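Taking it in order: structure first as structure tokens, then the write-up.
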Amino acid sequence: MKSDNVVREKSYSFAIRIVKLYQYLKEQHNEYALSKQILRSGTSIGANIEEALGGQSDKDFIAKLSIAYKEARETNYWLRLLTDTGYIPKKLSESMIYDCDELLKIIGSIINTMKSKIESQTKK
């Protein structure tokens with residue numbers, strides 16, 4: 001994969017939004033427990049994508065992307081929870097959940113493509 005690819009850029013932009021959300025939760029709501037959870041999972045998506053890009057093999061690449069996928073699922077959960085408990089406005093959460101879902105679709109598609117590639121190579 002190229003170093004200036006879509007999933008890398010989108011995950012980085014998403015991480016910036018997560019950091020800003022973390023700051024908002026701390027400053028506006030004095031919320032520390034849930035805010036740390038979403039900070040960890042939301043920034044981990046991009047970090048694992050970066051690790052995947054430096055993967056030593058296709059299997060390593062898939063493993064790191066799979067972790068990014070799981071972190072995105074967790075982040076989606078925290079966003080819904082923070083919305084339903086009134087910590088973040090619905091309009092903000094809808095935008096962030098949309099971005100998170102987009103990352104899930106992209107990462108999932110890359111994983112499936114790579115698994116198909118590996119499968120076809122082993123059949124040869």
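Quick note: the coordinates plus some simple rules give every number you see, no bench work behind them. Bear in mind that the values here come from a model prediction, so they are computed numbers and not experimental data. Because the Cβ atoms are built from the backbone with ideal geometry, glycine has one as well, and the counts that use them run over all protein chains shown.
Some values worked out for this structure:
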| read-out | value |
| --- | --- |
| Distant alpha-carbon pairs in the range 70-124 (separation over 13 angstrom), percent | 64 |
| Straight-distance crosslink candidates among lysines, where the alpha carbon sits under 21 Å from Lys123 and sequence neighbours closer than 8 are dropped | Lys59, Lys115 |
| Among Leu34, Tyr87, Leu103 the positive-end extreme of the charge dipole of the range 24-124 (Cβ point charges) | Leu103 |
| Residue-span extension gain [Gln121 to Arg17] - 0.36 nm each, minus C-alpha spacing | 33.5 nm |
| Sites Ile97 and Leu53, calculated FRET efficiency, Cβ-Cβ separation with R0 22 Å, nearest 0.05 | 0.30 |
| Virtual spin-label span in nm between Tyr77 and Tyr24, 7 Å along Cα→Cβ | 2.2 |
| Nearest-ten-degree value, helix 90-123 long axis tilted from longest Cα axis of the chain | 10 |
| Residues Lys105 and Ala33, FRET efficiency given R0 of 35 Å [Cβ-Cβ distance, rounded to 0.05] | 0.75 |
| Calculated P(r) tail over 14 Å for the range 1-73, as whole % of Cα pairs | 60 |
